[in-house]
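The values are calculated or read from the model by the stated rules, or taken from the named source; none is laboratory data. As the structure is a prediction and not an experimental result, all values here were calculated from the model. Positions of Cβ are generated from backbone atoms using ideal geometry, with glycine treated the same way; all protein chains shown enter the neighbour counts. What goes into the accessible areas is simple: the full protein's heavy atoms, side chains included, and nothing from ligands, DNA or RNA. Shrake-Rupley method; radii C 1.70, N 1.55, O 1.52, S 1.80 Å.
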Amino acid sequence: MKETSVADDVTRAAVELFSTQGYANTSVQQIVEAAGVTKGAMYHYFESKDDLLFGIYDRLLSLQKTHLDAIISRGGPMDEVLRAACVDVLETSIEYLPEGTVFFRSAHMLSTPRQGEVTRRRREYHDEFAALIQQGREAGLFRTDIPVPLLVAHFFSDVHYLSHWYSPHGPESRTLVAEQLTELFLSSIRIPKD
């Protein structure tokens, strides 16, 4: 007998249904039937379908923020700290690709307060990521001719575009893809050694 929580079962069912038929076209009834739970059980964990969509992305945001904080806390040479942060956000984005894909397709349907919460939390993550680039600049490791916000946008555009081309059934593992995209990014911002 499998042991999973109701919240996990509902989340998995919602991700599957949202990805195949869209958020707007999926009813709460369809979600609970696919999850094998009652509406009451679902509403114990999620207040609404909006709350469920937010919860899908919240798990990924929370995981990535926890990882980033741990990477920064470990310290080390700034280029290695930034490398670890890049690889992590790429690997976790690939690991949770269905959740991220569903969210980015449907985020505009969140309630205004939820959209604001997502924006605030993503900005918090991006600000910490930008601070790593700035510290690398101050250490003489990274180029200074391009504004940091543009560098951050450049990196995260690769992260957000993963769902358009990456396949877990392809020849490249998520770790290999994460390392290769990280190297491409870091080589574009690194000051060449003479």
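Loop sites by DSSP among the GluC sites (Glu not before Pro) of the chain, restricted to those with at most 12 other Cβ atoms within 10 angstrom, leave 48-194 as the longest stretch without any of them. Calculated on the Cα set of the range 43-84, radius of gyration then Dmax: 15.4, 47 Å.
For the chain, the alpha-carbon radius of gyration amounts to 1.15 times the rule-of-thumb value 2.2 N^0.38 Å expected for a compact globular protein.
Take the convex hull of the alpha carbons in the range 101-171; its mean projected area over all directions comes to 6.6 nm². Per q in 0.15, 0.16, 0.24 1/Å, what log10 I(q)/I(0) does a Debye calculation on the alpha-carbon atoms of the range 1-91 return? Debye curve over Cα of the range 1-91, log10 I(q)/I(0) at q = 0.15, 0.16, 0.24 Å⁻¹: -0.66, -0.70, -1.09. Highest GNM mean-square fluctuation among H126, H67, H44, for the chain modelled with Cα contacts below 10 Å: H44. Accessible area per residue for the range 83-124 is 49 Å², calculated with a 1.4 Å probe on protein heavy atoms, without ligands, DNA or RNA. Span-like helix criteria (full DSSP H runs; alpha carbon extent of at least 24 Å along the helix axis; mean Kyte-Doolittle hydropathy of at least -0.5) are satisfied in the chain by 49-74, 78-95, 148-165.
Annotation: per residue accessible area for the range 5-53 equals 49 Å², rounded to a whole number [probe 1.4 Å, protein chains only]. Taking a straight Cα-Cα cut-off under 20 Å and skipping sequence neighbours fewer than 8 places away in the same chain, the aspartates and glutamates within cross-link reach of K49 are D8, D9, E16, E33, D58, E99, E117. Rolling a 1.4 Å probe over the protein heavy atoms of the range 34-188, with every protein chain left in place, gives an accessible area that is 54 percent carbon and sulfur.
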